[in-house]
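Single-structure report; data block below.
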Amino acid sequence: MISTIKYLVNLRTECTHLKSGEKFITDAPTDNNGKGEAFSPTDMIATNLGTCMLTLMGIKANNLGIEFSGATVEVEKIMAANPRRISEIKLKIRIPLVYDKETRNSLERAAINCPVAKSLHPDIKQNVKFKWAKKD
């Protein structure tokens, strides 16, 4: 087991990572009967795509022996109805460091091929844009 989830009240859950004891809560979104005071389950899916991509880019950077700190991801989730589902996840990955084209391509491939990206249903559009720092 990796985690436990406890239903609290008012469409809120508490998730516990068993190895570390770290916890976080989720709430239903305001457009689905919730308070929207925390990540919703679908927010977590979209956000986890971004965290997975950055993590894989970080692993690739470590393997290449290059710095990768300071990278960020802006995440946008688009919902569809009938049935209610995620239809698109937009990610803008910003890397504040300058690399040559080969290194950028290698890091981008690592991101695009992360396990979360490969686990999502193919009907969910993954719109990923990379914004690289420019040479002075």
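The values are calculated or read from the model by the stated rules, or taken from the named source; none is laboratory data. None of these values were measured; they are calculated from a predicted model. Backbone-built Cβ (ideal geometry, glycine too); neighbour counts: all protein chains shown.
Can you find a residue that is of a type in the set (D, E), exposed (fewer than 15 other Cβ atoms within 10 Å of the Cβ) and farther than 28 Å from I2 by Cα anywhere in segment 91-112?
Checked against the condition, which is being of a type in the set (D, E), exposed (fewer than 15 other Cβ atoms within 10 Å of the Cβ) and farther than 28 Å from I2 by Cα, segment 91-112 yields at least one hit.
Let's see how each residue does on (1) closer than 21 Å to F39 by Cα; (2) exposed (fewer than 12 other Cβ atoms within 10 Å of the Cβ):
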| site | (1), (2) |
| --- | --- |
| L54 | yes, no |
| V73 | yes, no |
| E76 | yes, yes |
| N82 | no, yes |
| E88 | yes, no |
| W132 | no, no |
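Based on this model, can you work out whether E76 counts as in the same structural domain as L97 (by TED's automatic domain parsing) and touching a Lys or Arg at 6+ places or on another chain (Cβ under 7 Å)?
yes
Which residue is farthest from C52 (Cα to Cα), if the candidates are limited to segment 89-107 and must be in contact (Cβ under 8 Å) with a residue 24 or more places away in the chain and of a type outside the set (A, V, I, L, M, F, W, C)?
So, considering only residues that are in contact (Cβ under 8 Å) with a residue 24 or more places away in the chain and of a type outside the set (A, V, I, L, M, F, W, C), the one farthest from C52 (Cα to Cα) is Y99.
Among the residues of segment 1-29, count how many are of a type in the set (G, A, S) and surrounded by 11 or more Cβ atoms within 10 Å (Cβ to Cβ).
Count: 2.
Those residues that are within 17 Å of T42 (Cβ to Cβ) and either hydrophobic (A, V, I, L, M, F, W, C) or part of a strand (DSSP E or B) (or both), I need them from segment 8-30; list them, please.
L11, R12, T13, C15, F24, I25, T26, D27, A28
Are there any pairs, at least 6 apart or on different chains, whose C-beta atoms fall under 6 Å, with the first in segment 111-136 and among the charged types (D, E, K, R) and the second outside any strand (DSSP E or B), and if so, which?
These pairs meet every condition: K135/V98.
What number goes with the only condition from (1) in contact with a Leu (Cβ under 9 Å, 6 or more places away or on another chain); (2) under 25 Å from K134 (Cα atoms) that L97 does not pass?
Every condition holds for L97 apart from (1).
Scanning for something free of Cβ contacts under 8 Å to residues at least 40 places away in the same chain and part of a loop (DSSP other than H, G, I, E, B), does segment 48-62 turn up at least one residue?
no
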